[in-house]
Amino acid sequence: MRAATAMQIWISQLEQRQYALAVGLGIGIAGAGLGLLIAALGPLLAMAALLGALGGLYVITELRAALYAIIATALLLPFGVFPVKIGLTPTLLDLAFAGFLLVYVAGWMRGDRAGLRFAPPQAMIAVYVMWLIFAFALGLRHAPPTSTALRQFAETLLSISLVFILVDLLRDRFMLRRLALVVLLLVGAQALLAVGLYAAPDSLAEALLARLSRIGYPDGGVIRYIEDNPALGERAIGTWVDPNALGGILASAAAMAAPQLFAQQPVLRSRWLTRLVCAAIFLALLLTNSRASFVAMAVGLLAIALAQYRRLIPLLLAGGLLFFLLPQTQSYVERLRQGFAGEDLAVQMRIGESSDSLRLISRYPLVGVGFTGTPDIDIYTDVANLYLIMANQIGVLGVMIFLSAMAGVFVYGWRAWRFVKAAHGFAAIHLGYHAALLTALVNSLADLYYFRLDFQSSITWFWLIVTLCIASSRLAIAQATGKKAAIARGKSLL
């Protein structure tokens, strides 16, 4: 602030010629910089970089904008990195987190924030964080850490820190509603992008995605097919590159959005826009051919129907019948059958991975082998199951701590539900958050992206869902408790 004020005073004291010279010099430097940027990156990326810089300046002055930047980066450019090397190459998500933390800490330093709000589930999540750090440190005896492993582990801790920061920040229903609106719009945009790239000719989709190579994406071979066989059909990927990772995001987002179809006041205001976003998410999920995500979404929708919206049950039954009977979906139905029967190559590979994982767990059951490497050459940690890869890296005790933390979130949400369910607008948001978490946990039985360190955007998305569950529950309980206290005080006065 002092520097800005001094600059303003200096400019105001300039003579007319000096002022004109300073303006001309500023325009010249800006024009030269823009020309250099266009020459280095091309016009499209140069414009994106310019808009990103302007957005970055805004982000570091507004906390909500910084939070939205984290969510937008995680959902739309999950693997983007800063296009210029500055010793190390931070990801765009790193920069978004840095801006958010800068604004948050600055608020405390200025005295804008006072007091912290906590919720009971955070205690077990704190234990989980400490166990992660302990497992990482213990795993260093097997292999030294690389700079990439250190950075990714720190990013994971940053993602989990959202649970402690946002629960304090989200102090009213309007903020939770606005956040749900932002998330649904961004997921809807990713869904439309995934459908568009899927519908486009492969050469055009490949060329468009290759333009992202300037920010760390692959420069070719991006289009994905079922079992990597073009004859079996393409899979939608959007800007996520991996169709299963995208499927996990879309499945949990579908569960989050579904209650809005029945809400008296949907967060998107327009019921038709809500239907359009839900349809886009569902279609994109179907096109990913991620069977685990599709089944997980069905579980999440069933939970929503049983908890509150019974009208969803006939729709689910009708949709299920159409899905299994329509000629256009028979190939997908057959893939589901093969998956449950363990007949296709992908499932057989996962069965083999699970067997190898169980062998690792039998050798290192309590604390796992950490994140930097394995002590034996005949074992590896990657397995397409979040709970098994957790057991591999942080041990069975770590998995139990994680599951206890998730159980605490649901118990806390159930306590809040009796206060929320009568408030139709907020009930849809609260239920959607918890259905999204349930969907993510079911999806994790056949995927690992919410824990695998090189999928930081998936990890951030998962812990954002956990945060929203806790924040909505804490707010509902706090408001109900406050009303009871007010009524009790009124009675005592009488």
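The values are calculated or read from the model by the stated rules, or taken from the named source; none is laboratory data. A quick note: this is a predicted structure, and the numbers were derived from the prediction, not measured. We place every Cβ from the backbone using ideal geometry, glycine too, and count neighbours over all the protein chains shown. These accessible areas exclude ligands, DNA and RNA; they are computed on the full protein's heavy atoms, side chains included. Shrake-Rupley method; radii C 1.70, N 1.55, O 1.52, S 1.80 Å.
Selection within the stretch 252-267: residues that are surrounded by 24 or more Cβ atoms within 10 Å (Cβ to Cβ) and of a type in the set (Gly, Ala, Ser). The member of this set that is farthest from THR460 (Cα to Cα) is ALA258. Residues in the stretch 346-372 that are at pLDDT 85 or above and either part of a loop (DSSP other than H, G, I, E, B) or aliphatic (A, V, I, L, M) (or both): LEU358, LEU360, ILE361, TYR364, PRO365, LEU366, VAL367, GLY368, VAL369, GLY370, PHE371, THR372. If you go through the stretch 375-397 and pick out every residue that is surrounded by fewer than 20 Cβ atoms within 10 Å (Cβ to Cβ) and either closer than 16 Å to LEU453 by Cα or in contact (Cβ under 8 Å) with a residue 24 or more places away in the chain (or both), you end up with 6.
May I ask you to verify whether ILE249 is over 26 Å from LEU102 (Cβ atoms) and in contact with a strand residue (DSSP E or B) (Cβ under 8 Å, 6 or more places away or on another chain)? Considered against the rule, which asks whether it is over 26 Å from LEU102 (Cβ atoms) and in contact with a strand residue (DSSP E or B) (Cβ under 8 Å, 6 or more places away or on another chain), ILE249 comes out as no.
Between LEU169, LEU181, LEU197, LEU150, the distinction of being modelled with pLDDT of 90 or more, closer than 30 Å to PHE426 by Cβ and of a type outside the set (Lys, Arg) belongs to LEU181 only.
Count of the stretch 345-355 residues, restricted to those that are under 28 Å from VAL129 (Cβ atoms) and not hydroxyl-bearing (Ser, Thr, Tyr), is 1. Output yes when any residue across the stretch 147-154 is among the polar types (S, T, N, Q), open to solvent by less than 20 Å² (accessible area, probe 1.4 Å) and under 22 Å from the mean Cα position of the chain (by Cα), and no when none is. No, because not a single residue in the stretch 147-154 is among the polar types (S, T, N, Q), open to solvent by less than 20 Å² (accessible area, probe 1.4 Å) and under 22 Å from the mean Cα position of the chain (by Cα). The single condition among (1) at pLDDT below 85; (2) open to solvent by less than 30 Å² (accessible area, probe 1.4 Å); (3) outside any helix (DSSP H, G or I); (4) hydrophobic (A, V, I, L, M, F, W, C) that ALA119 does not satisfy is (1).
Within the stretch 176-184, at least one residue is part of a helix (DSSP H, G or I) and touching a Ser or Thr at 6+ places or on another chain (Cβ under 6 Å).
The residues of the stretch 435-494 that are loosely packed, with under 15 Cβ neighbours inside 10 Å, of a type in the set (D, E, K, R) and either at pLDDT 90 or above or not in a helix (DSSP H, G or I) (or both) amount to a single one, ASP454. Within the stretch 244-264, residues that are of a type in the set (Val, Ile, Thr) have Cβ atoms under 9 Å from residues that are at pLDDT below 95 and open to solvent by 10 Å² or more (accessible area, probe 1.4 Å) in these pairs: ILE249/PRO78; ILE249/TYR449, counting only partners at least 6 apart in sequence or on another chain. Considering the stretch 226-243, the residues that are within 24 Å of the chain's Cα centre (by Cα) and not charged (D, E, K, R) include one that is most open to solvent (accessible area, probe 1.4 Å), namely VAL241.
Residues considered: LEU388, LEU397, LEU366. Of these, the only one that is more than 11 Å from ALA135 (Cβ to Cβ) and among the aliphatic types (A, V, I, L, M) is LEU388. For the stretch 327-345, enumerate the residues that are at pLDDT 75 or above and open to solvent by 30 Å² or more (accessible area, probe 1.4 Å). Residues satisfying the conditions are PRO327, GLN330, SER331, GLU334, ARG335, ARG337, GLN338. The residue that is nearest to ASP378 (Cα to Cα), counting only those in the stretch 345-361 that are of a type in the set (S, T, N, Q) and touching a helix residue (DSSP H, G or I) at 6+ places or on another chain (Cβ under 8 Å), is SER357. So which of ALA143, ALA137 is in a helix (DSSP H, G or I) and modelled with pLDDT under 95? None of the others qualify; the one that does is ALA137. Before we move on, is MET400 open to solvent by 70 Å² or more (accessible area, probe 1.4 Å) and either closer than 20 Å to SER444 by Cβ or in contact with a Ser or Thr (Cβ under 7 Å, 6 or more places away or on another chain) (or both)? The answer is yes for MET400.
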